[in-house]
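Worksheet: one structure, shown below.
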Amino acid sequence: LNHLLSIEGLPKAVLEHILDTASTFVSVSDREVKKVPLLRGKSVFNLFFENSTRTRTTFEIAAKRLSADVLNLDIARSSTAKGETLLDTVANLSAMHADMFVVRHSESGAPYLIAQHCAPHVHVVNAGDGRHSHPTQGLLDMYTIRHYKRDFSQLSVAIVGDIVHSRVARSDIHALSTLGVPDIRAVGPKTLVPGDLREMGVRVCHDMDEGIRGCDVVIMLRLQNERMSGALLPSSGEYFQHYGLTEERLRLAKPDVIVMHPGPINRGVEIDSTVADGPHSVILPQVSFGIAVRMAVMAILAGNEA
Ligand code: CP
(Lines give C-alpha, C1' and ligand atoms only; values in the text may rest on other atoms or scores of the structure.)
Protein backbone atom coordinates (compact mmCIF):
# COMPACT_ATOMS: atom_id res chain seq x y z
CA LEU A 1 0.00 0.00 0.00
CA ASN A 2 1.56 3.31 -1.10
CA HIS A 3 -1.41 5.64 -0.51
CA LEU A 4 -4.74 5.24 1.30
CA LEU A 5 -7.26 7.03 -0.90
CA SER A 6 -10.40 4.90 -0.55
CA ILE A 7 -11.67 1.71 1.07
CA GLU A 8 -13.38 0.72 -2.15
CA GLY A 9 -11.38 -2.03 -3.83
CA LEU A 10 -9.20 -2.87 -0.81
CA PRO A 11 -9.19 -6.65 -0.31
CA LYS A 12 -10.50 -8.19 2.92
CA ALA A 13 -6.98 -9.30 3.87
CA VAL A 14 -5.72 -5.70 3.69
CA LEU A 15 -8.59 -4.39 5.83
CA GLU A 16 -7.99 -7.14 8.39
CA HIS A 17 -4.24 -6.44 8.39
CA ILE A 18 -4.89 -2.75 9.16
CA LEU A 19 -7.32 -3.67 11.98
CA ASP A 20 -4.90 -6.25 13.41
CA THR A 21 -2.02 -3.76 13.26
CA ALA A 22 -4.21 -1.14 14.99
CA SER A 23 -4.85 -3.54 17.85
CA THR A 24 -1.08 -3.69 18.46
CA PHE A 25 -1.06 0.10 18.85
CA VAL A 26 -3.91 0.43 21.35
CA SER A 27 -1.54 0.48 24.34
CA VAL A 28 0.44 3.30 22.67
CA SER A 29 -2.70 5.22 21.76
CA ASP A 30 -3.90 4.79 25.37
CA ARG A 31 -0.54 6.16 26.57
CA GLU A 32 0.35 3.02 28.54
CA VAL A 33 3.35 3.11 26.22
CA LYS A 34 4.30 6.72 25.46
CA LYS A 35 5.81 6.42 21.95
CA VAL A 36 7.15 3.99 19.38
CA PRO A 37 9.97 5.01 16.99
CA LEU A 38 8.44 3.68 13.76
CA LEU A 39 8.22 7.05 11.97
CA ARG A 40 11.25 8.69 13.59
CA GLY A 41 12.84 11.15 11.15
CA LYS A 42 9.69 11.29 8.96
CA SER A 43 7.63 14.43 8.41
CA VAL A 44 3.83 14.19 8.30
CA PHE A 45 2.01 17.22 6.86
CA ASN A 46 -1.65 17.66 7.84
CA LEU A 47 -3.40 19.55 5.01
CA PHE A 48 -6.98 20.21 6.06
CA PHE A 49 -8.71 22.41 3.48
CA GLU A 50 -12.02 21.69 5.27
CA ASN A 51 -12.84 21.89 8.99
CA SER A 52 -12.17 18.99 11.32
CA THR A 53 -11.94 18.28 15.03
CA ARG A 54 -11.55 14.50 15.37
CA THR A 55 -9.69 13.50 12.22
CA ARG A 56 -7.07 16.26 12.22
CA THR A 57 -6.35 15.93 15.93
CA THR A 58 -6.16 12.14 16.01
CA PHE A 59 -3.87 12.11 12.96
CA GLU A 60 -1.59 14.54 14.78
CA ILE A 61 -1.62 12.46 17.97
CA ALA A 62 -1.09 9.26 15.98
CA ALA A 63 1.87 10.68 14.07
CA LYS A 64 3.45 11.96 17.29
CA ARG A 65 3.01 8.57 19.00
CA LEU A 66 4.90 7.11 16.02
CA SER A 67 7.66 9.70 16.69
CA ALA A 68 7.11 11.58 13.40
CA ASP A 69 7.54 15.33 13.06
CA VAL A 70 4.09 16.81 12.41
CA LEU A 71 3.26 20.00 10.57
CA ASN A 72 -0.33 21.32 10.55
CA LEU A 73 -0.69 23.76 7.67
CA ASP A 74 -2.99 26.61 8.68
CA ILE A 75 -4.92 26.75 5.40
CA ALA A 76 -6.81 29.94 6.29
CA ARG A 77 -3.47 31.76 6.72
CA SER A 78 -1.68 30.01 3.88
CA SER A 79 -0.98 31.35 0.41
CA THR A 80 -3.91 29.40 -1.03
CA ALA A 81 -5.83 32.57 -0.05
CA LYS A 82 -3.59 34.45 -2.53
CA GLY A 83 -4.55 32.18 -5.40
CA GLU A 84 -1.88 29.48 -5.16
CA THR A 85 -3.15 26.24 -6.69
CA LEU A 86 -3.45 23.02 -4.72
CA LEU A 87 -0.67 21.40 -6.73
CA ASP A 88 1.68 24.38 -6.33
CA THR A 89 1.05 24.35 -2.57
CA VAL A 90 1.83 20.64 -2.46
CA ALA A 91 4.96 21.06 -4.62
CA ASN A 92 6.26 23.70 -2.23
CA LEU A 93 5.53 21.54 0.83
CA SER A 94 7.24 18.62 -0.91
CA ALA A 95 10.32 20.84 -1.28
CA MET A 96 10.28 21.02 2.53
CA HIS A 97 10.85 17.22 2.52
CA ALA A 98 7.39 15.95 3.44
CA ASP A 99 7.13 12.16 3.71
CA MET A 100 3.36 11.94 4.13
CA PHE A 101 0.41 14.19 3.31
CA VAL A 102 -2.85 13.75 5.23
CA VAL A 103 -5.42 15.56 3.09
CA ARG A 104 -8.97 16.70 3.69
CA HIS A 105 -10.66 18.63 0.92
CA SER A 106 -14.22 19.60 0.00
CA GLU A 107 -13.60 18.47 -3.61
CA SER A 108 -13.95 14.75 -4.25
CA GLY A 109 -10.73 13.47 -5.78
CA ALA A 110 -8.34 16.12 -4.40
CA PRO A 111 -6.18 13.52 -2.56
CA TYR A 112 -5.96 11.49 -5.80
CA LEU A 113 -4.68 14.56 -7.65
CA ILE A 114 -2.02 15.09 -5.00
CA ALA A 115 -1.04 11.41 -5.06
CA GLN A 116 -0.59 11.59 -8.86
CA HIS A 117 1.75 14.57 -8.63
CA CYS A 118 3.88 13.97 -5.55
CA ALA A 119 7.28 12.27 -5.46
CA PRO A 120 7.23 8.44 -5.40
CA HIS A 121 8.48 8.21 -1.80
CA VAL A 122 5.64 10.46 -0.50
CA HIS A 123 2.50 8.79 0.85
CA VAL A 124 -0.98 10.36 0.71
CA VAL A 125 -3.79 9.58 3.14
CA ASN A 126 -7.30 10.71 2.33
CA ALA A 127 -8.79 12.29 5.46
CA GLY A 128 -12.13 12.93 3.72
CA ASP A 129 -12.76 14.22 0.18
CA GLY A 130 -16.11 15.79 -0.67
CA ARG A 131 -18.85 13.23 -0.48
CA HIS A 132 -16.59 10.53 -1.92
CA SER A 133 -14.58 8.76 0.75
CA HIS A 134 -13.31 8.88 4.35
CA PRO A 135 -11.27 5.69 4.53
CA THR A 136 -9.76 6.08 8.01
CA GLN A 137 -13.24 6.77 9.46
CA GLY A 138 -14.45 3.61 7.74
CA LEU A 139 -11.54 1.68 9.22
CA LEU A 140 -12.03 3.01 12.75
CA ASP A 141 -15.73 2.19 12.46
CA MET A 142 -14.82 -1.39 11.50
CA TYR A 143 -12.34 -1.53 14.38
CA THR A 144 -15.08 -0.39 16.78
CA ILE A 145 -17.59 -2.94 15.47
CA ARG A 146 -15.04 -5.75 15.69
CA HIS A 147 -14.08 -4.68 19.22
CA TYR A 148 -17.67 -4.91 20.49
CA LYS A 149 -19.13 -7.63 18.25
CA ARG A 150 -16.06 -9.79 17.41
CA ASP A 151 -17.47 -11.40 14.25
CA PHE A 152 -18.79 -9.59 11.18
CA SER A 153 -20.45 -12.65 9.63
CA GLN A 154 -23.74 -12.58 11.58
CA LEU A 155 -24.35 -8.84 11.91
CA SER A 156 -27.18 -6.51 10.98
CA VAL A 157 -25.89 -2.96 10.59
CA ALA A 158 -28.15 0.05 9.94
CA ILE A 159 -26.70 3.33 8.65
CA VAL A 160 -29.25 6.05 9.32
CA GLY A 161 -29.60 9.58 7.99
CA ASP A 162 -28.14 11.71 5.23
CA ILE A 163 -26.47 8.95 3.26
CA VAL A 164 -26.43 10.66 -0.13
CA HIS A 165 -24.00 13.35 1.06
CA SER A 166 -21.96 11.11 3.35
CA ARG A 167 -18.42 9.99 2.55
CA VAL A 168 -18.53 8.04 5.83
CA ALA A 169 -21.55 6.02 4.70
CA ARG A 170 -19.86 5.12 1.40
CA SER A 171 -16.67 4.04 3.16
CA ASP A 172 -18.59 2.07 5.79
CA ILE A 173 -20.73 0.29 3.19
CA HIS A 174 -17.67 -0.78 1.18
CA ALA A 175 -15.86 -1.97 4.32
CA LEU A 176 -18.87 -3.80 5.80
CA SER A 177 -19.50 -5.50 2.50
CA THR A 178 -15.85 -6.57 2.07
CA LEU A 179 -15.71 -7.87 5.64
CA GLY A 180 -18.76 -10.05 5.03
CA VAL A 181 -21.59 -8.35 6.92
CA PRO A 182 -24.73 -10.08 5.57
CA ASP A 183 -27.34 -7.43 6.42
CA ILE A 184 -26.46 -3.78 5.64
CA ARG A 185 -29.33 -1.31 5.74
CA ALA A 186 -29.48 2.30 4.59
CA VAL A 187 -32.24 4.16 6.44
CA GLY A 188 -33.54 7.65 5.79
CA PRO A 189 -35.87 9.79 3.70
CA LYS A 190 -36.07 9.17 -0.06
CA THR A 191 -34.28 12.44 -0.79
CA LEU A 192 -31.26 11.43 1.34
CA VAL A 193 -30.86 7.71 0.54
CA PRO A 194 -29.75 6.84 -3.00
CA GLY A 195 -31.80 3.92 -4.38
CA ASP A 196 -28.81 2.56 -6.33
CA LEU A 197 -27.35 1.31 -3.03
CA ARG A 198 -29.52 -1.76 -3.66
CA GLU A 199 -27.07 -2.70 -6.43
CA MET A 200 -24.40 -2.99 -3.71
CA GLY A 201 -26.58 -5.45 -1.78
CA VAL A 202 -27.76 -2.80 0.70
CA ARG A 203 -31.36 -2.92 1.97
CA VAL A 204 -32.90 0.55 1.59
CA CYS A 205 -35.54 1.50 4.22
CA HIS A 206 -37.44 4.75 4.41
CA ASP A 207 -39.16 3.77 7.65
CA MET A 208 -36.88 4.25 10.68
CA ASP A 209 -38.60 1.66 12.92
CA GLU A 210 -38.35 -1.00 10.23
CA GLY A 211 -34.78 0.02 9.45
CA ILE A 212 -33.35 -0.45 12.94
CA ARG A 213 -35.49 -3.41 14.04
CA GLY A 214 -33.29 -6.29 15.22
CA CYS A 215 -30.02 -4.48 14.45
CA ASP A 216 -26.70 -5.17 16.19
CA VAL A 217 -25.18 -1.86 15.17
CA VAL A 218 -26.79 1.51 14.40
CA ILE A 219 -24.56 4.11 12.74
CA MET A 220 -26.15 7.56 12.90
CA LEU A 221 -25.21 10.36 10.50
CA ARG A 222 -25.82 14.08 10.77
CA LEU A 223 -27.67 16.12 8.15
CA GLN A 224 -24.89 17.63 6.03
CA ASN A 225 -26.65 20.94 5.46
CA GLU A 226 -23.51 22.41 3.93
CA ARG A 227 -23.90 19.99 1.00
CA MET A 228 -27.66 20.50 0.49
CA SER A 229 -29.64 22.84 -1.70
CA GLY A 230 -32.87 24.34 -0.28
CA ALA A 231 -35.12 21.67 -1.81
CA LEU A 232 -33.45 18.88 0.18
CA LEU A 233 -33.23 20.65 3.52
CA PRO A 234 -35.68 19.06 5.99
CA SER A 235 -36.69 21.06 9.08
CA SER A 236 -34.77 19.68 12.04
CA GLY A 237 -37.93 19.17 14.15
CA GLU A 238 -39.67 17.22 11.42
CA TYR A 239 -36.53 15.21 10.72
CA PHE A 240 -36.13 14.24 14.39
CA GLN A 241 -39.75 13.10 14.55
CA HIS A 242 -39.24 10.65 11.66
CA TYR A 243 -35.55 9.71 11.84
CA GLY A 244 -34.23 10.87 15.22
CA LEU A 245 -32.80 8.09 17.39
CA THR A 246 -34.59 8.05 20.74
CA GLU A 247 -34.41 5.55 23.61
CA GLU A 248 -37.88 4.32 22.66
CA ARG A 249 -36.86 3.66 19.04
CA LEU A 250 -33.60 2.03 20.09
CA ARG A 251 -35.60 -0.65 21.95
CA LEU A 252 -36.53 -2.02 18.49
CA ALA A 253 -32.89 -3.01 17.95
CA LYS A 254 -31.15 -5.95 19.69
CA PRO A 255 -30.78 -5.55 23.48
CA ASP A 256 -26.96 -5.32 23.11
CA VAL A 257 -27.04 -2.90 20.16
CA ILE A 258 -24.20 -0.41 19.88
CA VAL A 259 -24.83 3.14 18.65
CA MET A 260 -22.12 4.81 16.60
CA HIS A 261 -21.72 8.25 15.04
CA PRO A 262 -18.69 9.69 13.23
CA GLY A 263 -19.37 13.12 14.74
CA PRO A 264 -20.00 15.93 14.98
CA ILE A 265 -23.36 15.01 16.53
CA ASN A 266 -26.33 17.34 16.37
CA ARG A 267 -28.32 16.63 19.54
CA GLY A 268 -32.06 16.75 19.04
CA VAL A 269 -31.71 16.60 15.25
CA GLU A 270 -30.57 13.04 14.42
CA ILE A 271 -29.95 11.74 17.94
CA ASP A 272 -31.42 12.34 21.38
CA SER A 273 -28.97 13.18 24.18
CA THR A 274 -30.25 10.23 26.23
CA VAL A 275 -29.01 7.92 23.45
CA ALA A 276 -25.79 9.81 22.60
CA ASP A 277 -24.75 9.73 26.26
CA GLY A 278 -26.49 6.45 27.09
CA PRO A 279 -25.25 2.91 27.78
CA HIS A 280 -25.40 1.74 24.15
CA SER A 281 -23.36 4.66 22.80
CA VAL A 282 -19.78 3.94 21.69
CA ILE A 283 -19.35 7.33 20.05
CA LEU A 284 -16.40 8.42 22.21
CA PRO A 285 -14.61 5.02 22.09
CA GLN A 286 -14.78 5.39 18.28
CA VAL A 287 -12.73 8.58 18.60
CA SER A 288 -10.15 6.86 20.83
CA PHE A 289 -9.82 3.88 18.47
CA GLY A 290 -9.19 6.40 15.69
CA ILE A 291 -5.73 7.06 17.12
CA ALA A 292 -4.62 3.41 16.94
CA VAL A 293 -6.19 2.95 13.50
CA ARG A 294 -4.45 6.04 12.10
CA MET A 295 -1.16 4.91 13.64
CA ALA A 296 -1.61 1.58 11.84
CA VAL A 297 -2.36 3.24 8.50
CA MET A 298 0.67 5.52 8.69
CA ALA A 299 3.01 2.74 9.86
CA ILE A 300 1.86 0.40 7.09
CA LEU A 301 2.20 3.08 4.40
CA ALA A 302 5.70 3.90 5.62
CA GLY A 303 6.54 0.19 5.59
CA ASN A 304 7.37 0.25 9.29
CA GLU A 305 4.79 -1.91 10.98
CA ALA A 306 5.18 -3.00 14.55
N1 CP B 1 -15.62 12.09 11.82
C2 CP B 1 -15.01 13.19 11.37
O3 CP B 1 -14.50 13.22 10.25
O4 CP B 1 -15.00 14.25 12.24
P5 CP B 1 -14.22 15.61 11.96
O6 CP B 1 -14.91 16.29 10.80
O7 CP B 1 -14.30 16.40 13.24
O8 CP B 1 -12.80 15.26 11.58
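The values are calculated or read from the model by the stated rules, or taken from the named source; none is laboratory data. Because the structure is predicted, anything quoted here is derived from the model rather than measured. Here the Cβ is made from the backbone with ideal geometry for all residues, glycine too, and neighbour counts use every protein chain on show.
Go through segment 36-67 residue by residue and tally those that are within 16 Å of the ligand (Cβ to nearest atom), of a type outside the set (Gly, Ala, Ser), over 19 Å from Ala115 (Cα atoms) and part of a loop (DSSP other than H, G, I, E, B).
Within segment 36-67, residues that are within 16 Å of the ligand (Cβ to nearest atom), of a type outside the set (Gly, Ala, Ser), over 19 Å from Ala115 (Cα atoms) and part of a loop (DSSP other than H, G, I, E, B) number 2.
Within segment 151-166, which residues are part of a strand (DSSP E or B) and aliphatic (A, V, I, L, M)? Explain how you work it out, then say what you get.
If we filter segment 151-166 for residues that are part of a strand (DSSP E or B), which is where we start, we get 156-160.
Selection gives Val157, Ala158, Ile159, Val160.
Pairs only if they're at least six apart or on different chains, beta carbon under 6 angstrom, first in segment 89-118 and aromatic (Phe, Trp, Tyr), second within 16 Å of the ligand (Cβ to nearest atom) and in a strand (DSSP E or B); list them, first residue then second.
Phe101/Leu47
Could you give every pair whose Cβ atoms fall below 7 Å, whose first residue belongs to segment 43-55 and is assigned by TED's automatic domain parsing to the domain that holds Arg77 and farther than 14 Å from Thr136 by Cα, and whose second residue is aliphatic (A, V, I, L, M) and assigned to a loop (DSSP other than H, G, I, E, B), counting only separations of at least 6 or pairs across chains?
Note: pairs meeting the criteria are Ser43/Ala68; Ser43/Ala98; Val44/Ala68; Phe45/Ala98.
For segment 190-205, enumerate the residues that are of a type outside the set (A, V, I, L, M, F, W, C) and in contact with a Gly (Cβ under 9 Å, 6 or more places away or on another chain).
Kept after step one, since they are of a type outside the set (A, V, I, L, M, F, W, C), are these residues of segment 190-205: 190-191, 194-196, 198-199, 201, 203.
Once the filter is applied, which keeps residues that are of a type outside the set (A, V, I, L, M, F, W, C) and in contact with a Gly (Cβ under 9 Å, 6 or more places away or on another chain), segment 190-205 yields only Arg203.
Pairs please, first residue from segment 257-285 and not assigned by TED's automatic domain parsing to the domain that holds Phe152, second anywhere and within 15 Å of the ligand (Cβ to nearest atom) and basic (Lys, Arg), Cβ atoms under 8 Å, 6+ apart in sequence or on different chains.
No pair meets every condition.
Looking for whichever is over 24 Å from the mean Cα position of the chain (by Cα), under 20 Å from Ala276 (Cβ atoms) and touching a residue at least 12 places away in the same chain (Cβ under 8 Å) here; the options are Leu245, Leu221, Leu252. Which one fits? Steps first, answer last, please.
Working: Leu245 fails: over 24 Å from the mean Cα position of the chain (by Cα); Leu221 fails: over 24 Å from the mean Cα position of the chain (by Cα).
Residue meeting the stated conditions: Leu252.
So Ser6 passes all but one of these: (1) over 23 Å from Arg146 (Cα atoms); (2) not assigned by TED's automatic domain parsing to the domain that holds Asp129. Which condition number does it fail?
(1)
Checking Ala186 against (1) among the hydrophobic types (A, V, I, L, M, F, W, C); (2) in contact with a helix residue (DSSP H, G or I) (Cβ under 8 Å, 6 or more places away or on another chain); (3) within 16 Å of the ligand (Cβ to nearest atom), only one condition comes out false. Which one?
Of the numbered conditions (1) among the hydrophobic types (A, V, I, L, M, F, W, C); (2) in contact with a helix residue (DSSP H, G or I) (Cβ under 8 Å, 6 or more places away or on another chain); (3) within 16 Å of the ligand (Cβ to nearest atom), the odd one out for Ala186 is (3).
Inside segment 21-52, can you point out the residues that are of a type in the set (Val, Ile, Thr) and out of contact with any strand residue (DSSP E or B) (no Cβ under 7 Å at 6 or more places or on another chain)?
Of everything in segment 21-52, those that are of a type in the set (Val, Ile, Thr) and out of contact with any strand residue (DSSP E or B) (no Cβ under 7 Å at 6 or more places or on another chain) turn out to be Thr21, Thr24, Val26, Val28, Val33, Val36.
So, in segment 180-204, of the ones that are touching a residue at least 40 places away in the same chain (Cβ under 8 Å) and not aliphatic (A, V, I, L, M), which residue ends up farthest from Gln154 (Cα to Cα)? Walk me through how you get there before you give the answer.
In the first step, residues of segment 180-204 are kept if they are touching a residue at least 40 places away in the same chain (Cβ under 8 Å); the result is 180, 187-189, 191-192.
Next cut, not aliphatic (A, V, I, L, M) only: 180, 188-189, 191.
On the way: Gly180: 9, Gly188: 23, Pro189: 27, Thr191: 30 Å.
In this case the residue turns out to be Thr191.
Given (1) of a type outside the set (Gly, Ala, Ser); (2) surrounded by fewer than 18 Cβ atoms within 10 Å (Cβ to Cβ); (3) away from the ligand (no atom under 16 Å from the Cβ), where does Leu15 come up short, assuming only one miss?
(2)
Could you look through segment 80-136, keep only residues that are over 30 Å from Val164 (Cβ atoms) and assigned to a strand (DSSP E or B), and pick out the one that is nearest to the ligand (Cβ to nearest atom)?
Of everything passing the filter in segment 80-136, Met100 is nearest to the ligand (Cβ to nearest atom).
For residues in segment 257-306 being closer than 19 Å to Gln241 by Cα and in a helix (DSSP H, G or I), which is farthest from the chain's Cα centre (by Cα)?
If we filter segment 257-306 for residues that are closer than 19 Å to Gln241 by Cα, which is where we start, we get 259, 261, 265-276.
Restricting the remaining residues to those that are in a helix (DSSP H, G or I) gives 273-276.
On the way: Ser273: 22, Thr274: 24, Val275: 21, Ala276: 18 Å.
Applying the filter and picking the extreme gives Thr274.
Identify, please: which residue in segment 18-77 is surrounded by fewer than 18 Cβ atoms within 10 Å (Cβ to Cβ) and acidic (Asp, Glu) and is, among those, nearest to the chain's Cα centre (by Cα)?
Asp20
What residue, among those in segment 237-256 that are out of contact with any Asp or Glu (no Cβ under 9 Å at 6 or more places or on another chain) and in a loop (DSSP other than H, G, I, E, B), is nearest to His206 (Cα to Cα)?
Arg251
Does His174 meet the test of being surrounded by fewer than 24 Cβ atoms within 10 Å (Cβ to Cβ), under 18 Å from the mean Cα position of the chain (by Cα) and of a type outside the set (S, T, N, Q)? Steps first, please.
Working: surrounded by fewer than 24 Cβ atoms within 10 Å (Cβ to Cβ): yes; under 18 Å from the mean Cα position of the chain (by Cα): yes; of a type outside the set (S, T, N, Q): yes.
So His174 fits the description; yes.
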